[in-house]
Amino acid sequence: MVATPNIASANGDTCDGGSSWFGACTHNDGSSVSVEYNESYNSPSSNNGGGSNSGSNSGGGGGSAGREECANVAETASDRCQGYLFRPGDPSSPSASSGPTLPTSFSVNDILNIVPQTPTLNMEPNGWGLLGQPVNFWVDASTHRVNGTLLGHPVQVQFRPQSVRWDFGDGNSWSTNSLGSSWAAQGLPELSDTATSHRYTERGEVTVTAVVSYSATVFIAGTSIPVTGYVMATSTSLTFELYEQSTVLIPNP
């Protein structure tokens, strides 16, 4: 007889009771989403309900049955299998002669950690900037799903970008709801101000980064679980030189 799943449960920031076959919890540490799965099983009734083996299951027979049932569980949780084996009783106990006892239940637990894709940071002019003129930035960050598996159950976490925190490398930073886009995509001439552009005032080399805040939803066993708070992902960085623009008057020949 194969062990049967009982109601599943787990603990975390956001929990979903699920059905009698599944329960899951999500946890957000600010940079990744953890999904916890905890399923509990009732032991088979091969011990005739008495907690010890008797009759045809006495002696080594009970242990053999335990190993057989353990093999069934080991297909999905081999490292937890030992919790299901028959265990010898106290030799001094009156019931010891009737054989070893079987735990009434056991549980299987696993945790999956999923991170969003790394956003790509872009700029124009490409690789340089002029003092006093707008340098335009944008990030390639879209709604996407990342796949995983928890004890044989497929899991998907959907990440949707909500805002961007820009660090312009000169001591200035701010947040926007816009991911930004190129001047051409916005129908603007070059060196135009945008919601995600910045004007620099000092020469030198700067490194710019952006942090995208994602909302997240877990999809598992036909259930969607919203994740509390935002999950943040830091973009690739851009390092470039700032130049001073000057005007030179050339007389007509």
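The values are calculated or read from the model by the stated rules, or taken from the named source; none is laboratory data. Everything numeric here is computed off the predicted structure, so don't read it as measured data. Please note that ligands, DNA and RNA were not included when accessible areas were found on the heavy atoms of the full protein model with its side chains. Shrake-Rupley method; radii C 1.70, N 1.55, O 1.52, S 1.80 Å.
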Binned at 10 Å from zero, the C-alpha pair distances of region 163-253 give percents of 12, 31, 27, 15, 9, 3, 1, 1, 0
Rounded to whole Å², per residue accessible area for region 131-245 with a 1.4 Å probe reads 50
Share of accessible surface on carbon and sulfur in region 133-253, whole %, 1.4 Å probe and ligands ignored, is 48
